[in-house]
Amino acid sequence: MICNLKYATGLAVAAAFLALPGSAVPQEADAKPVQPAPTEPAAKTVEIDVASTLKQQAGMYGSEMIAEKMPVAGVHASTIAEIEGGIVTAWFGGADEGAYDVVIWTSRNEGSGWSAPKPTADGVDTAKRIQYPCWNPVLFRQSSGTLLLFYKVGPNPTQWWGMMKKSNDDGLTWDKPIRLPKGYVGPVKNKPIELANGTLLCGSSLEDAGWRVQMERYVQNRYWNKTKPLNSPLDFAAIQPTLLAYPDGSIQALCRTKSGRLTDCWSTDNGQKWTRMKRTQLPNPNAGADGTVLADGRALLVYNHTRRGRSPLNVSVSRDGRAWEAALVLENQPGEYSYPAVIQTSDGNVHVTYTHNRTNIKHVVIDPAKLATQPIVEGQWPQ
């Protein structure tokens, strides 16, 4: 049985739930290659196997599956956005990741539960009479009210290209798809940041010649530009940044890596220049993470706090993006619980969607004001 999260006026959750028992480095064309960073000791981590962590955790409001049964065998990589009177989510799904029939699906919740999943974008090339798989959708609602859907199309992540669709009615209907300029994929996994002038700062990455992170800008809905790569693959193999915009104007990019830990770099000029990428204390099993800066100024991050596997799935918070505190364990059973997407809606609640064993998308609601936290010391999740 599915426990539905229902929305009343102003996105107040109204239904009852089953409670879960450095200095800036300019990105110049003639910049010298980045030298490998000194080897650092591996972060100490523990494997979480504490069943009681899922019982009545402070701040946990409730959870549900998006669908009782998905219309396809495999689903992954969800995204979520607030719309007028509700929320909307999207993901890719088909026979299996990378299969030709994988398309982008969406579902809406405006107060009466989640709508039936609906195909919203595909990789059909009518000229070549071929269908490519779709990947990694990203929903974002601009301050103007336009809902954007970014996604990737192509045979694999080393050959994919960026696509975009627009909706002026919160996703009920969509304009024709637009292919992004060559070398741009848009926000690769996580939502962009809208700057004061309307430009979207998009955390992006490429995988065709080593894993490297770049920042792309969609400038006032008119054109695109981008930075040089923020990392050398010889230093860190990093992709899929999540952007955290702090009250002091600084922006932190936290990245998935193959190094066993999340890495980060910082900007103080709206993403024009970035500090050198460094490891954080937070472990990473080469899996996507996402976060947001809350209205109270704290950063909230959802990620797999482990160096291997995609369980557990954890929530941490931080005042400065450097010292993190453990807040919640969303999942800790064997399986895959991965690729979270995180937003804070206008009612103050935090909404998280994530892959649940590749067969469904799970939705969790958190009240951040009620979180009880403990410091994470040397990468260890407190017991």
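Summary of values
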quantity: Per-region count, the range 213-236, residues touching a Leu at 6+ places or on another chain (Cβ under 9 Å) and hydrophobic (A, V, I, L, M, F, W, C); calculated: 4
quantity: Wholly enclosed strands (runs of 3 or more DSSP E) of the range 212-262 bearing at least 1 residues among the aromatic types (Phe, Trp, Tyr) and in contact with a Gly (Cβ under 9 Å, 6 or more places away or on another chain); calculated: 212-219, 223-226
quantity: Thr306 being modelled with pLDDT of 95 or more and either within 21 Å of Leu200 (Cα to Cα) or touching a helix residue (DSSP H, G or I) at 6+ places or on another chain (Cβ under 7 Å) (or both); calculated: no
quantity: One residue from Ala287, Ala295 being surrounded by fewer than 24 Cβ atoms within 10 Å (Cβ to Cβ), under 16 Å from the mean Cα position of the chain (by Cα) and under 30 Å from Ser346 (Cβ atoms); calculated: Ala287
quantity: One residue from Arg307, Arg322 being basic (Lys, Arg), in a loop (DSSP other than H, G, I, E, B), out of contact with any Leu (no Cβ under 6 Å at 6 or more places or on another chain) and buried (at least 16 other Cβ atoms within 10 Å of the Cβ); calculated: Arg307
quantity: Out of Gln380, Gln344, sole residue that is out of contact with any Phe, Trp or Tyr (no Cβ under 9 Å at 6 or more places or on another chain) and surrounded by fewer than 18 Cβ atoms within 10 Å (Cβ to Cβ); calculated: Gln380
quantity: In the range 216-249, residue nearest to Ile376 (Cα to Cα) [restricted to those that are of a type in the set (S, T, N, Q) and touching a strand residue (DSSP E or B) at 6+ places or on another chain (Cβ under 6 Å)]; calculated: Thr242
quantity: Yes/no for Ser112 being at pLDDT below 95 and over 19 Å from the mean Cα position of the chain (by Cα); calculated: yes
quantity: Some residue of the range 338-347 being of a type outside the set (A, V, I, L, M, F, W, C), within 30 Å of Lys226 (Cα to Cα), touching a Cys at 6+ places or on another chain (Cβ under 6 Å) and at pLDDT 95 or above; calculated: no
quantity: Identity of the residue in the range 186-209, touching a Ser or Thr at 6+ places or on another chain (Cβ under 8 Å) and assigned to a strand (DSSP E or B), that ends up surrounded by the most Cβ atoms within 10 Å (Cβ to Cβ); calculated: Gly203
quantity: Members of the range 216-271 that are within 20 Å of Arg322 (Cβ to Cβ) and among the basic types (Lys, Arg); calculated: Arg256, Arg261
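The values are calculated or read from the model by the stated rules, or taken from the named source; none is laboratory data. All values derive from a computational prediction rather than experimental measurement. Neighbour counts are summed over all protein chains in view; Cβ atoms, including those assigned to glycine, are modelled from backbone coordinates with ideal geometry.
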